[in-house]
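Data first, discussion second: the structure below is written as structure tokens.
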Amino acid sequence: KAELARNRWQDIKSYINSAFTDAELEIKYQEAGAAHYPLAAANNWEETELLLVDGETFLAANLAALTAGNNMPPAFVAQYAAAKNAFITAMSDFYNQEELESDVAEDKIIANNAIYDKLLEMCIDGQKIFRTDLAKKQMFTFDDLLSLVTNHVANLKGSVTTGIASTPVPDAKVDVLQLAEFTTTDTDGKYDFGSIANGTYTIVFSKAGFITQTFTNIIIETGTAKTINVVLLPE
């Protein structure tokens with residue numbers, strides 16, 4: 001919208017070239033807001049607004065001279081105003097949204113600070129209560145509590161079928177070696193390991209009577225659901 005409005009302003013400049021003498025041109029450019037154009041062209045929105053407002057004022061003050069001899073079409077004034085207003089409306093909407101988001105961010109900061117203050121109070125109380133139990137006392141430090149809430153988790157799920165018409169394989173074992181934990185598939189051959197810390201894993205799929213499948217270097221990223229669908233072939 002800024003680009004369209006600036007192009008309309010450039011049209012004013014071309015009409016000035018036709019309506020005034022060479023000696024008058026620079027003065028008329030300045031009256032139309034030319035001093036704002038360099039920064040406006042660099043997407044400085046405040047300068048763009050000033051440019052467009054000066055251009056509209058110039059059109060109103062010089063309408064007769066600009067339209068003389070069929071130089072500037074009479075409809076241009078309305079076209080220019082529409083481009084200017086569309087830009088200013090968009091800019092205003094953006095700033096309003098930015099202000100709203102800033103207020104929301106401020107509310108979050110206040111809420112986070114309140115949580116932090118309560119957390120420290122709890123830590124102080126815990127340290128007092130468990131002053132003679134070093135293991136429990138250590139649990140009531142900020143670093144220890146922080147580690148609990150920053151345990152990055154993801155999800156691992158999928159299905160296990162045979163190579164024959166994708167028949168599901170129930171009760172197949174899904175073993176994540178690095179965690180020494182496993183789950184099994186349901187009657188539909190589906191499994192859901194649930195929450196799992198982000199990292200790189202070796203995952204083994206097995207069931208008696210089937211050839212074991214091993215997947216190495218499986219990367220599971222924070223906040224994602226890793227899906228691994230496996231075909232187990234009969235032995």
Which order do you get for 92, 18 if you rank them by accessible area with a 1.4 Å probe, largest at the top?
18, 92
Heavy-atom accessible area per residue, region 157-206, 1.4 Å probe: how many Å²?
50
Listed values [x] 74; [y] 58; [z] 65, entry calculated as percent of Cα pairs over 21 Å apart
[x]
What order do you get for 23-35, 134-146, 104-116 when each peptide is scored by the mean count of other beta carbon atoms within 10 Å, highest first?
23-35, 134-146, 104-116
Region 125-235: relative contact order as a whole-number percent, Cα under 8 Å and 6+ apart
29
For region 196-226 and region 101-135, what is the separation of their Cα centres, given in Å?
37
Length gained, residue 17-residue 212, 0.36 nm per residue minus C-alpha separation, equals 62.0 nm
Residues with amide H under 5 Å of residue 230's amide H, sequence separation 5 or more or different chain, H placed in the peptide plane at 1.01 Å from N; which?
159, 160, 161
Given R₀ = 25 Å, FRET efficiency for residue 79-residue 31 by Cβ-Cβ distance, to 0.05?
0.80
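Where in the chain are the DSSP H helices whose alpha-carbon span along the long axis reaches 27 Å or more and whose Kyte-Doolittle mean is at least -1.0?
Numbers: long enough: 76-129 (79 Å, -0.07).
Once both thresholds are applied, what remains is 76-129.
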How many angstrom separate the Cα center of region 13-78 from the Cα center of region 159-185?
73
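Report the gain in length on full extension from residue 136 to residue 225: 0.36 nm times residue separation, minus Cα-Cα distance, nm rounded to one decimal.
Here the answer is 28.6 nm.
The values are calculated or read from the model by the stated rules, or taken from the named source; none is laboratory data. Source: prediction; values computed, not measured. Cβ sites come from the backbone with ideal geometry, for glycine too, and all protein chains shown count toward neighbours. Heads up: the accessible areas ignore ligands, DNA and RNA and are worked out on the full protein's heavy atoms, side chains in. Shrake-Rupley method; radii C 1.70, N 1.55, O 1.52, S 1.80 Å.
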